[in-house]
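See structure below.
The values are calculated or read from the model by the stated rules, or taken from the named source; none is laboratory data. These numbers come from a predicted model, not from an experiment. Positions of Cβ are backbone-derived with ideal geometry, glycine not excepted, and every protein chain shown enters the neighbour counts.
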Amino acid sequence: MNIHFRVTLARSSFAFAFAAAFLLLFRASDAVADPLKQARVTQVIQDVRLLPSNAAPRPASVNDNVHGDTAVRTGIQSRSELTFPDQTLTRLGEQTIFTFKAETRTLNLGGGAILLSVPKKAGGTKIQTATVTAAISG
């Protein structure tokens, strides 16, 4: 059984509502969480860009590796999917900015929406964002 999680950042046409950082933690009682080191891009729809901290932004392609120092940004009417080695799946909606902290299980949502599916025995995952609407199933 997988845990499915969807986070949507509240937006208005005038400004983002910024609140104190929100932190959500999943824990699987019988699992030891392996850190997330890198992800692989498994789907690219429309305008998806990789934003490495030490290089110029570039278009994302299927099978690109994403490390902790690289942000992923989706454009208008664009989506992407990232798969981690433990089969944790992250789907990014349009106008999303996503990063993760290497060697941890912490995901950062700078804006937009994600769907997160964590395998039952993969361990916990933290999501950091400013404003959140969340639903958990499974």
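Observations, loosely collected:
- Residues (part of a loop (DSSP other than H, G, I, E, B), modelled with pLDDT of 95 or more and not hydrophobic (A, V, I, L, M, F, W, C)) located in the range 58-95: S61, N63, D64, G75, Q77, S78, G93, E94, Q95
- Matching residues in the range 96-113 - criterion: being over 20 Å from I45 (Cβ atoms) and part of a loop (DSSP other than H, G, I, E, B): A102, E103, R105
- Selection from the range 46-74 of residues that are exposed (fewer than 14 other Cβ atoms within 10 Å of the Cβ) and either more than 15 Å from the chain's Cα centre (by Cα) or touching a residue at least 60 places away in the same chain (Cβ under 8 Å) (or both): Q46, P52, S53, N54, A55, A56, P57, R58, P59, S61, V62, N63
- Which numbered condition Q77 misses (of (1) out of contact with any Lys or Arg (no Cβ under 6 Å at 6 or more places or on another chain); (2) surrounded by 15 or more Cβ atoms within 10 Å (Cβ to Cβ); (3) free of Cβ contacts under 8 Å to residues at least 40 places away in the same chain): (2)
- Checked against (1) touching a residue at least 40 places away in the same chain (Cβ under 8 Å); (2) surrounded by 20 or more Cβ atoms within 10 Å (Cβ to Cβ); (3) under 19 Å from V132 (Cβ atoms), L82 passes all but condition (3).
- Of the residues making up the range 83-95, at least one is in contact with a Phe, Trp or Tyr (Cβ under 9 Å, 6 or more places away or on another chain) and more than 20 Å from D34 (Cβ to Cβ).
- In the set (1) modelled with pLDDT under 95; (2) in contact with a strand residue (DSSP E or B) (Cβ under 7 Å, 6 or more places away or on another chain), the condition left unmet by I45 is number (1).
- Any hit, the range 123-130, residues being buried (at least 17 other Cβ atoms within 10 Å of the Cβ), among the β-branched types (V, I, T), closer than 19 Å to Q38 by Cβ and at pLDDT below 90: yes
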